[in-house]
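Since the structure comes first, as structure tokens, the remarks are kept for the end.
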Amino acid sequence: MRSLAYTVAALGAVALLVPALAAAQDQAAAVPCAECHDTVAASFQTTPHARALGRDAADGMVCLSCHAGGREHADAGGDTSLVKSPTGVAGAATCFSCHGGRSDADIEPRGAHVQAGIACETCHDIHGAAATAEALLKKPGSELCVTCHPAVASSFRKPHTHSMHESVDGAGKAGMQCASCHNPHGRDGADSLKRGRSGETVCLSCHTDKRGPFVFGHGAVVVNGCLTCHEPHGSANAFQLTRSRVQQVCLECHSATGTATAGSQPPSFHDLRSPRYQNCTTCHVAVHGSNSSPLLLR
């Protein structure tokens, strides 16, 4: 009996809501957006926004969900000063209402792009006419990213790089995109690097043998991570080191260049003029960390 009462009450609530929803639908339908904006309305029907808002919803209701003042705009015969479009950084608040903080791909209001004044419509075609992907990007792949980051695109033309999609470096060597490592909406700091579930850097999602934890960790890796020694976008070194030679990278920390050093200095028998001591990793093979050698020898 109690469940029957709950069911009757729920049906009664729905009965009260249906007329209100129908009235709102009819009221929104009175805004004839598609009569003037037929091209926009047609392209919009193929977008994820249309699916999310409901294909069967009245056109006016869909439009008014983002465009304030649409009714006044229509009643005034198309006065553009009366309708509001969610553009610029201020307009991004409309996007945040649906895309704010629900998943790793959502927009972070304090992200690097937002703070730099990069608005949503800079990269996305909200109505879908010029969009090339499910994410409504204006250009395919990472082609959009490198239009603003040409220095990064140039780095991928160095001798040793990650194998990127053709939209990045023009070679089409693999399917990696900028978004494979970076979150363009910047939820994880200024560099927008993605993080794993346990908070580790995105590098370890592919280079799993470097993950650890190790009994004896390399201080540079523990403190500053992979980018201390590696240049992920491109390098003259086969291991994508920040310097062309291993010795040069190691001595940035392991040298007596001041009153204190970040790492221990090479012992006196390491004559750095001798070729045998100019490739540190010949002996210190476990540079990412070791479970048996505090000197990272094995």
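Based on what the data block shows, is T132 at pLDDT below 85, surrounded by 15 or more Cβ atoms within 10 Å (Cβ to Cβ) and of a type in the set (S, T, Y)?
yes
For R276, the conditions (1) loosely packed, with under 12 Cβ neighbours inside 10 Å; (2) at pLDDT below 90; (3) in a loop (DSSP other than H, G, I, E, B) are fulfilled apart from (3). Against the definition (in contact (Cβ under 8 Å) with a residue 40 or more places away in the chain, in contact with a strand residue (DSSP E or B) (Cβ under 8 Å, 6 or more places away or on another chain) and over 26 Å from H162 (Cβ atoms)), how does S293 come out, yes or no? Yes: the conditions hold for S293.
Of the residues making up region 113-127, just one is of a type in the set (A, V, I, L, M), free of Cβ contacts under 8 Å to residues at least 40 places away in the same chain and open to solvent by less than 40 Å² (accessible area, probe 1.4 Å), namely A119. Within region 241-291, the set of residues being closer than 21 Å to L204 by Cβ and of a type in the set (S, T, Y) comprises T242, T281, S290.
Looking across region 223-239, the residues that are in contact (Cβ under 8 Å) with a residue 60 or more places away in the chain and in contact with a Cys (Cβ under 9 Å, 6 or more places away or on another chain) come down to P232, F239. Say we look at region 35-64 and pick out the residues that are open to solvent by 70 Å² or more (accessible area, probe 1.4 Å) and in a loop (DSSP other than H, G, I, E, B); which of these is modelled with the highest pLDDT? Per the stated criteria, the residue is H37. Here P140 passes the criteria (1) open to solvent by 60 Å² or more (accessible area, probe 1.4 Å); (2) out of contact with any helix residue (DSSP H, G or I) (no Cβ under 8 Å at 6 or more places or on another chain); (3) at pLDDT below 85; (4) farther than 29 Å from S244 by Cβ except the one numbered (2). Close contacts from region 201-219, counting a first residue that is at positive phi and a second that is surrounded by 13 or more Cβ atoms within 10 Å (Cβ to Cβ), with Cβ to Cβ under 8 Å and a gap of 6+ residues or different chains, come to G212/H288; G212/G289.
The values are calculated or read from the model by the stated rules, or taken from the named source; none is laboratory data. From a predicted model like this one, the values you see are computed outputs, not experimental measurements. Methodologically, a virtual Cβ is constructed for each residue, glycine included, from the backbone with ideal geometry; neighbour enumeration extends over all protein chains shown. Just the protein is used for accessible areas: all its heavy atoms, side chains included, with ligands, DNA and RNA removed. Shrake-Rupley method; radii C 1.70, N 1.55, O 1.52, S 1.80 Å.
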